[in-house]
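**Student:** Handing you a structure now.
The values are calculated or read from the model by the stated rules, or taken from the named source; none is laboratory data. Everything quoted here is computed from the prediction, not taken from an experiment. Glycine also receives a Cβ, built like all others from the backbone with ideal geometry; neighbour counts cover every protein chain displayed. The area values use the complete protein model at the heavy-atom level, side chains included, leaving out ligands, DNA and RNA. Shrake-Rupley method; radii C 1.70, N 1.55, O 1.52, S 1.80 Å.
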There are 2 protein chains.
Amino acid sequence: MARIAIDAMGGDIGVSATIGGVEKYLASKDSCACVSFDFFGKEDLIAQEVAKTSRLKNFDYCITSCEKVIESDMRPALALRNGKCSSMLEAISSVADGKNDAVVSSGNTGAYMALSKIMLKMIDGIERPALMSLLPSFDGRSVVLDLGANVDCGAKNLIQFAIMGDAAAKILLNKKDPSVALLNIGVEKNKGTEAIRSAGAFLEARHGMNYVGFIEGNDIFMDKADVIVCDGFSGNIALKTIEGTIKFLGKLLKKGINDSIRGKVSYLFGAGIANSIKLSIDPRNHNGASLVGLNGIAIKSHGNSDSVGFAHAVCVANDLASSRFVENIKEAIENTEMESCDVY
Amino acid sequence: MARIAIDAMGGDIGVSATIGGVEKYLASKDSCACVSFDFFGKEDLIAQEVAKTSRLKNFDYCITSCEKVIESDMRPALALRNGKCSSMLEAISSVADGKNDAVVSSGNTGAYMALSKIMLKMIDGIERPALMSLLPSFDGRSVVLDLGANVDCGAKNLIQFAIMGDAAAKILLNKKDPSVALLNIGVEKNKGTEAIRSAGAFLEARHGMNYVGFIEGNDIFMDKADVIVCDGFSGNIALKTIEGTIKFLGKLLKKGINDSIRGKVSYLFGAGIANSIKLSIDPRNHNGASLVGLNGIAIKSHGNSDSVGFAHAVCVANDLASSRFVENIKEAIENTEMESCDVY
């Protein structure tokens with residue numbers, strides 16, 4: 001039974017997206033009956049929104065009233081000082097206290113990361129948390145981390161990200177022995193920064209992980225690895241470049257279709273294909289970045305997530321919360337003798 | 001009058017691509033009558049290929065016979081030792097000697113970069129050369145650098161890349177006052193690495209450049225800047241991620257078209273649109289990365305360039321060689337008082 005804390009007030013859209021998202025999750029084929037929800041936020045607004053649902057209103061849920069909301073532009077330091085009684089802090093706090101098993105929020109990313117780190121604390125042996133997400137690939141999906149939590153990463157951080165990504169892929173992709181790769185600017189062993197080369201040498205020598213070497217940016221979608229590990233800077237650049245390229249091609253296609261009669265006829269027949277591609281690459285269907293490395297499960301939903309996106313973030317939260325995710329990372333870290341290697 | 005040295009033997013395809021590329025350049029609308037060519041390589045092979053052309057054989061060209069070819073897998077250090085009498089080294093050397101104004105090669109990238117740096121030497125005040133290329137955008141094109149020559153870049157390197165990109169955009173994009181941006185993981189001034197933040201602060205305070213701030217990966221195609229500056233690691237990741245994303249969407253589209261009759265009918269009407277999009281994003285039409293920062297113009301054409309791609313690289317070489325590109329960089333560097341700022 002997974003108990004999920006929902007920051008009902010977070011995000012640009014607010015309660016209609018968060019409560020609506022949980023309702024959509026319950027209606028989806030991926031939903032699980034062994035789950036309960038604890039909504040944090042303004043009680044009347046939440047109750048009003050729950051009343052509009054058909055599944056959720058008869059489901060296992062409760063509301064924890066919180067009067068305050070952390071605004072989207074509040075600096076993390078201020079959120080740490082003034083977060084008490086806010087929906088975000090109280091939701092995270094409930095996981096730290098063991099009352100819930102995971103928390104999901106679409107709120108202020110900086111504040112969420114800072115509060116999660118303080119409240120949930122890091123797993124022993126992990127130095128920095130990473131932002132991890134699922135990306136579509138031609139034949140499935142892959143786990144990618146770090147997507148922007150850490151600007152500078154040493155070899156040690158990359159190795160820890162690999163261990164966490166491996167644990168996540170076993171659960172989220174249902175793979176027994178996920179393949180793990182490091183994102184680099186070449187596949188040869190002498191390519192890249194010193195941090196990447198050291199991390200690669202370490203992972204290659206380490207038994208117990210299916211490390212497959214370096215991959216390049218053009219391999220991200222090509223199913224070369226189930227787990228793609230990178231520093232937060234290039235991970236974020238890659239992720240946003242993907243978004244930009246998809247948008248660019250979409251704009252070119254739209255222009256082509258609108259500019260001629262042949263284009264319009266083509267769209268008439270091809271709309272189904274376009275929609276199915278849209279669906280498979282729709283960021284809402286890959287929403288829900290996990291803040292991994294913490295003693296608890298914290299899922300960050302995109303700030304402008306609608307109910308479709310939020311439902312996917314809830315799904316990720318439930319998958320991780322109903323497994324031994326944090327325990328698996330702890331065991332893997334304990335079994336990795338990093339001290340004995342020369343990456344320090 | 002621009003005199004262009006061509007390493008006729010470089011690249012996977014060889015003389016048919018290089019000589020064919022020059023022929024295609026001469027036939028293109030962008031070609032210029034004030035240009036001459038000096039082909040370096042095996043004389044009989046080159047003469048044989050020139051004989052097949054219609055424009056080039058009556059044009060201003062000569063052949064410099066070189067018996068050796070630098071193989072694609074030769075290590076740069078070995079190329080430096082044994083490069084004498086090779087088509088690549090002799091072509092670069094002709095630019096260093098002032099016999100030619102630019103060199104174009106599709107050969108071994110590492111060897112080409114090492115030889116160019118040794119033969120042409122760096123411009124005073126520039127610490128490292130950068131790989132610069134043109135990328136398509138929705139309304140035009142942008143100049144992007146560094147695309148992989150430097151794995152680690154400090155603020156000083158990024159500032160120098162910005163100055164060189166600015167000079168290039170004035171010529172290649174024909175812009176009087178090109179906008180210049182730094183690629184980062186957020187647009188706020190506190191985002192990114194210390195190197196990027198320092199470079200941003202310096203460029204903002206510097207008069208004489210239209211610096212517009214940070215842009216993110218999803219802005220690359222959105223015409224937010226004429227010049228996009230980044231470190232070689234994230235530049236290479238972004239470039240290859242673009243390639244990968246285009247390939248991924250192309251595969252999804254092809255699958256959609258082949259999987260249904262509606263798809264096939266749609267393609268029947270939409271083939272023209274697909275082809276026009278393919279044309280605008282075809283890497284061959286953006287081929288020709290400049291190795292900037294050197295006392296001379298060295299253009300790297302992709303190793304597997306066919307004649308279409310090589311023609312575009314020749315076009316870039318001619319545009320830069322028939323302008324005051326290197327002189328403009330020298331003047332801009334001289335006018336930039338970097339010593340007085342705190343990026344050191």
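**Student:** What is the projected area of the convex hull of the Cα atoms of the range B:14-92, averaged over all directions, in nm²?
**Tutor:** 5.6 nm²
**Student:** Moving on. Can you give the Rg and Dmax of the range A:89-141 based on its C-alpha atoms, in angstrom?
**Tutor:** 13.7, 41
**Student:** How big, in percent, is the set of alpha carbon pairs in the range B:226-265 lying more than 16 Å apart?
**Tutor:** In whole percent, the share of Cα-Cα pairs in the range B:226-265 beyond 16 Å is 54.
**Student:** Beyond a 31 Å Cα-Cα separation, which of these cross-linked pairs lie in this structure: A:LYS57/A:LYS254; B:LYS224/B:LYS330; A:LYS255/B:LYS176?
**Tutor:** Violating the 31 Å Cα-Cα cut-off are A:LYS57/A:LYS254.
**Student:** Send over the Kirkwood Rh of chain B, from the inverse of the averaged 1/r over different Cα pairs, rounded to one decimal Å.
**Tutor:** With all distinct Cα pairs of chain B included, I get 20.9 Å.
**Student:** Give, in whole angstrom and from largest to smallest, the semi-axes √(5λ) of the equivalent ellipsoid of the range A:142-264, with λ running over the eigenvalues of the Cα gyration tensor.
**Tutor:** After scaling each eigenvalue by five and taking roots: 33, 16, 13 Å.
**Student:** I would also like to ask the following. Could you check the spin-label model distance between A:ASN304 and A:ASN258? Points 7 Å from the Cα along Cα→Cβ, value in nm.
**Tutor:** Result for the modelled spin labels: 1.8 nm.
**Student:** Another one. So for the range B:145-240, averaging the separation of alpha carbon pairs under 8 Å that are six or more residues apart and normalising by length, what relative contact order in percent results?
**Tutor:** After rounding, I find 46 percent.
**Student:** Ignoring solvent entirely, what values of log10 I(q)/I(0) come out of the Debye formula for the range A:45-198 at 0.09, 0.14, 0.16, 0.21 Å⁻¹ when each Cα is a single scatterer?
**Tutor:** At q = 0.09, 0.14, 0.16, 0.21 Å⁻¹ the computed log10 ratios are -0.42, -0.91, -1.08, -1.35.
**Student:** I need the helices of chain A that pass two filters: whole DSSP H segments spanning 15 Å or more by Cα along the axis, and mean Kyte-Doolittle score no lower than -0.5.
**Tutor:** Sorted by number, the helices that extend far enough and score high enough are A:15-27, A:109-120, A:155-172, A:194-205, A:232-258, A:261-281, A:307-321.
**Student:** Also: Using a 1.4 Å probe and counting only protein heavy atoms, how much accessible surface gets buried when A and B come together, both sides summed, in Å² to the nearest 100?
**Tutor:** Buried surface at the A/B interface: approximately 4600 Å².
**Student:** Something else about it: If the convex hull of the alpha-carbon atoms of the protein assembly as shown is projected onto planes in all directions, what is the mean projected area in square nanometres?
**Tutor:** For the protein assembly as shown, the mean projected area of the Cα convex hull comes to 32.4 nm².
**Student:** Please identify the trypsin sites (Lys or Arg not before Pro) of the range B:66-129 that satisfy two criteria: DSSP loop assignment and at most 13 other Cβ atoms within 10 Å. Which are they?
**Tutor:** Taking the range B:66-129 and a limit of 13 other Cβ atoms within 10 Å, the loop trypsin sites (Lys or Arg not before Pro) found are B:LYS84, B:LYS99, B:LYS121.
**Student:** Something else: Could you state the accessible area per residue of the range B:184-227 in Å², with a 1.4 Å probe and every protein chain left in place?
**Tutor:** With all protein chains present, the range B:184-227 gives 45 Å² per residue.
**Student:** Moving on. In the neighborhood of A:GLY217, defined by Cβ-to-Cβ distances under 13 Å, what is the net charge if each Lys or Arg adds +1 and each Asp or Glu adds -1?
**Tutor:** Net local charge, A:GLY217 excluded: +2.
**Student:** Would you mind estimating how fast the range B:272-320 diffuses translationally, via Stokes-Einstein at 37 °C and 0.692 mPa s with the Kirkwood radius over Cα pairs, in µm²/s?
**Tutor:** 285 µm²/s
**Student:** May I ask you to derive the FRET efficiency for B:SER16 and B:LYS189 from their Cβ-Cβ distance with R0 = 60 Å, giving the value to the nearest 0.05?
**Tutor:** Taking R0 as 60 Å, the efficiency between B:SER16 and B:LYS189 is 0.70.
**Student:** In the range A:5-133, carbon and sulfur make up what percent of the accessible area (probe 1.4 Å)?
**Tutor:** Answer for the range A:5-133: carbon and sulfur cover 51 percent of the accessible area.
**Student:** Using a label position 7 Å from Cα in the Cα→Cβ direction, what is the ascending list of nm distances from A:GLU331 to the same site in the other copies?
**Tutor:** Reported distances to equivalent positions: 6.9 nm.
**Student:** Considering only protein heavy atoms and a probe of 1.4 Å, how much of the accessible area of the range A:190-336 is carbon and sulfur, as a whole percent?
**Tutor:** Within the range A:190-336, the accessible surface is 54 percent carbon and sulfur.
**Student:** If you filter the range B:74-161 for chymotrypsin sites (Phe, Trp or Tyr not before Pro), then keep DSSP loop positions with at most 10 other Cβ within 10 Å, what is left?
**Tutor:** none
**Student:** Out of the trypsin sites (Lys or Arg not before Pro) in the range B:163-227, which ones are loop residues according to DSSP with at most 10 other C-beta atoms within 10 Å?
**Tutor:** Within the range B:163-227, the qualifying trypsin sites (Lys or Arg not before Pro) (loop, at most 10 other Cβ atoms within 10 Å) are B:LYS176.
**Student:** Please report, for B:ASN275, the nm distances (one decimal) from its label point, 7 Å out from Cα along the beta-carbon direction, to the equivalent points in the remaining copies, shortest first.
**Tutor:** Between copies, matching label points for B:ASN275 lie 3.0 nm apart.
**Student:** Ok, one more. Hey, for a label at A:ASN174 modelled as a point 7 Å past Cα toward Cβ, could you say which residues of the range A:285-317 have their backbone N under 19 Å away?
**Tutor:** Label zone hits: A:285-287, A:312-317.
**Student:** For chain A, what does the relative contact order come out to in percent, with C-alpha contacts under 8 Å and a separation of six or more?
**Tutor:** 24 percent
**Student:** A further question follows. Between A:LYS29 and B:ASP44, what is the label-point separation in nm under the 7 Å Cα-to-beta-carbon projection?
**Tutor:** 6.6 nm
**Student:** Ignoring ligands, DNA and RNA, how do A:GLU194, A:GLU90 rank by accessible area with a 1.4 Å probe, largest first?
**Tutor:** Largest accessible area first, the residues go A:GLU194, A:GLU90.
**Student:** So how compact is the range A:201-326: Cα radius of gyration and Dmax in angstrom?
**Tutor:** Just the Cα atoms of the range A:201-326 yield Rg and Dmax of 18.9, 60 Å.
**Student:** Based on the Cβ-Cβ distance of A:LEU78 and B:GLU334, what FRET efficiency does E = 1/(1 + (r/R0)^6) give at R0 = 60 Å, to the nearest 0.05?
**Tutor:** 0.85
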